[in-house]
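The block underneath contains the structure these notes are about, expressed in structure tokens.
Where a number appears in this text, it was derived from the coordinates with a stated rule and is not lab data. For clarity, every value in this text was computed on a predicted model and none was experimentally measured. So basically every Cβ, Gly included, is an ideal-geometry build from the backbone, and we count neighbours across all protein chains shown.
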Amino acid sequence: MYAEERKEKSIITVFLGFLLGLVYFSNNSLIIAISSIQQDLGISTMNINWVVNSYNISIVSILVIAGRICDRLGSARALQYSLPIYVGGSLLILFAQETFVLVLGRFFQGWSLAFLYPCLARVVTGNFQGKELGKAIGLYNGIASIFMPLGFFIGGWICTYGTWRYIYIIDGGWGIILWFLTFFLLKKDSPKKHTKIHIPGFLLFSAGLVCFIAVIMEGKVWGWSSPLSLTLFGGALLFFFLFYLVNRKAKDPLLHFQLFRSPSTIAAFFVMFSVSTVYLISVIWSIYLQAHFFLSPLAAGTLLLLTVVPTVFFSPFIGSLIDRVHIGRLISLGLLLGAAGTGIILLGLNQNHIWILVLGFVVYGNYLIFCRTPTSILLYSSIEPARRGKIFAVYKLWSQIAVLTGFSFLAANMASVEVNLIEERFAEYQITDIPISEARQVTISKEALEKIEAEYPVGTVDLVKKIVQQAGVEGLESTMWVPIYIFLLTFLLFNLYCWKTKSTF
């Protein structure tokens, strides 16, 4: 009986690893495929922002109530309802011929995976207790982390020797298999039928989030002081204020602001929010390596793989290291490694030197181990077990908001610098009859290239391509300084807070 129970628990742990691995594979394969998608569909840099962030917007908005829906339905039933939505999103992306369909598919994928995190928490805490719980979490995270490098490598291989659409055949098939297995591997846990969903709070939060992100993403295009930008920003503030009032009066609020009381909780949230803002910088690296460094998707994927290899190999040892070294020191080391790794990558891009890039990606990968993992441990060790579920939901929500806001700003900043430089160079060469929006498509759209060749004098295409490529390089270089500043500022403020509160962690 005991042997059968252990076997059953081992199978559940492996299943959870493959479930979480789907998220890692999907995200990392998209990162490396984004340049191929951009060229195939002729998507602008700003619209790439929407392709990436539609996924994050849906996760953040649904995550507010996903835990409650899982409580009400039970984890098995919630997964059985949500995974088909993920498969549907993969099919939309597979057959997408325009940006809107691609964005919609990503939105459905994010919507589905928002239910994954609370379901994982319910399944693992429902099947494992005591020392078994820590081992189970470590094992399924270890299995899932294998798919981080596989996402980069397989995605790069597919885009080099096939078409990026094959990735979403794997994605959809993976989702179907996992959905099928939920009926056999997951027991129907007891749902909490009296759990309230709080629809008004959810709608207010989602409306505020969409208005805020729209301004962050499009503000430089519309103009920060334009009526549309000001209206949306004012709407975001109003919706968030109304959400705060509704949330405050609720008996069981969606967000528990009183959780932010202990110094360690505040420190953990601050560090995670700060570093999450630059989490998707790898999307911009992927585009640059392929569009301006002229690497194949496979070569670019192999380089980016170096950012996750340290996590796969060294994560099992971080726990024993934390027993010997203060968590605060490890977090500080991780922040410095993040700044140093980004700086080395920037140097490699400037010098056009592949081995400097290799070193930079490896150093950057170690930041993930020494910063993100200890930060999670710092958070969970500071609260009692009964409140960890609520903390996890808030923690995941704020980290996703940071990812969403950070990438929106980075992509918008890069696009803005690129447009300004193209305008300056066009004025310098007296190119006045080619729209900037059309010129920016020459490196990613064959149609735009053919149009300029047909309508403008010989030599114009080569000049425009040179201007656009150089603008893209300079736009990336200016954007790369942002994460360096964020890492260093976070390091300074974190240590200042530790000194001010006399916290040793």
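The figures follow:
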| read-out | value |
| --- | --- |
| Residue-wise HN-Hα coupling along region 80-96, computed from phi with Karplus coefficients 6.51, -1.76, 1.60 (Hz; x: Gly, Pro) | 5, 7, 8, 4, x, 5, 5, 4, x, x, 5, 5, 4, 5, 4, 9, 5 |
| Label-point separation, F241 to N420 (7 Å along Cα→Cβ), nm | 3.2 nm |
| Cleavage-rule hits (chymotrypsin sites (Phe, Trp or Tyr not before Pro)) in region 227-289: DSSP loop, at most 15 neighbouring Cβ within 10 angstrom | F260 |
| Approximate spin-label separation L496-S225, in nm, with each point projected 7 Å along Cα-to-Cβ | 3.0 nm |
| Region 225-289 and region 407-421: distance between their alpha carbon centers, rounded to Å | 21 Å |
| Residue order, fewest to most surrounding Cβ atoms within 10 angstrom, among V325, V124 | V325, V124 |
| Whole-Hz couplings from phi, Karplus 6.51/-1.76/1.60, listed for region 168-183; x for Gly and Pro | 7, 6, 4, 4, x, x, 4, x, 5, 4, 5, 4, 4, 6, 4, 6 |
| Members of K251/K396; K9/K396; K249/K396; K187/K249 lying beyond 31 Å, as alpha-carbon distances in this model show | K187/K249 |
| G74 long-range amide H proximity, modeled H, under 5 Å | K192 |
